[in-house]
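Have a look at the structure below, then the notes.
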Amino acid sequence: MHVIGLLHPGDMGAAVGKCLTNLGHTVLWASEGRSAATVTVAGDAEMIISVCPPHAATDMAWAVHGFRGLYVDANAISPGTAREVAQMITDSGGRYVDGGIIGLPPVKPGTTRLYLSGPDAGQVQALFAGTDLDTRIAGPALTAASAVKMAYGAWTKGTAALILAIREFAREEGVEDPLLSEWSLSQPSLEKRSRGSAKAAEAKGWRWVAEMEEIAASMAAADLPDGFHQAAAEIFRRYPRRRND
């Protein structure tokens, strides 16, 4: 049995932690804004898993500076940001595993994958064996897991932002009804998807801004245009947020 620290778990992080406690591991957690608790977790845990909004990934790594165990960054960050986090951890004697989560919080089998990469990725994969979280090795490169997450989110969330922008343009021009009518004839899945995208953006779009910016940085680093996802970030930044979020 292992002692694992979990940094700033929301719904996703809490479900990941439950996968481990169900196996009998001890999970220590530090919620957002509890810097003292973060330091305590770093002192007591042999492994730390960071599951937080992407804009906070480097701050989390810095908060546990000096940690000498195994640090798993499972956030939606670019390969470049992942390398920065890895250097923070390894420079102070720790070991780093890159991670990227795709899917819903893992409360039942078959819904969620945790992609892993780095020399110690197999150790983390073994830790989750038999749980609701399907762990997979992304590739030999240190930041392959983050690259998978960026490529996946570039499509799923990037196209969601595009659909929202198209609906808003049609609404401003007074042609939303004719557009929806045409979609029903030639693109019957788009209206349903646009409704789903709007609902998701109301609930979580504010958290996707930084992810879109990380994807844009990933594209730029690969000498590809970054404007698609900079624009997606702006769409989510503008989108109305639910009052209870």
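The values are calculated or read from the model by the stated rules, or taken from the named source; none is laboratory data. In this text the structure is predicted, and so the values were computed from the model without any measurement. Using ideal geometry, Cβ is built from the backbone for each residue, glycine included, and neighbour counts are taken over all protein chains shown. Ligands, DNA and RNA are stripped out before the accessible areas are found, and what is left, the full protein with its side chains, is counted by its heavy atoms. Shrake-Rupley method; radii C 1.70, N 1.55, O 1.52, S 1.80 Å.
The table that follows gives values for the structure above.
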| item | result |
| --- | --- |
| Those residues of the stretch 112-143 which are touching an Asp or Glu at 6+ places or on another chain (Cβ under 6 Å) and either of a type in the set (Val, Ile, Thr) or without any contact (Cβ under 8 Å) to a residue 24 or more places away in the chain (or both), in sequence order | Arg113, Thr143 |
| Residue in the stretch 139-150 that is touching a Lys or Arg at 6+ places or on another chain (Cβ under 8 Å), of a type outside the set (Lys, Arg) and not in a helix (DSSP H, G or I) present | yes |
| Flag for Asp98 being of a type in the set (Asp, Glu) and loosely packed, with under 15 Cβ neighbours inside 10 Å | no |
| Of all residues in the stretch 18-31 being under 19 Å from the mean Cα position of the chain (by Cα) and modelled with pLDDT under 95, the one that is most open to solvent (accessible area, probe 1.4 Å) | Trp29 |
| Condition check for Thr112: open to solvent by less than 20 Å² (accessible area, probe 1.4 Å), modelled with pLDDT of 95 or more and under 14 Å from the mean Cα position of the chain (by Cα) | yes |
| Residue count for the stretch 204-218, restricted to those that are farther than 11 Å from Pro54 by Cβ, open to solvent by 20 Å² or more (accessible area, probe 1.4 Å) and among the hydrophobic types (A, V, I, L, M, F, W, C) | 1 |
| Residues satisfying the stated conditions in the stretch 184-216, i.e. charged (D, E, K, R) and within 13 Å of the chain's Cα centre (by Cα) | Lys204, Arg207, Glu211, Glu213, Glu214 |
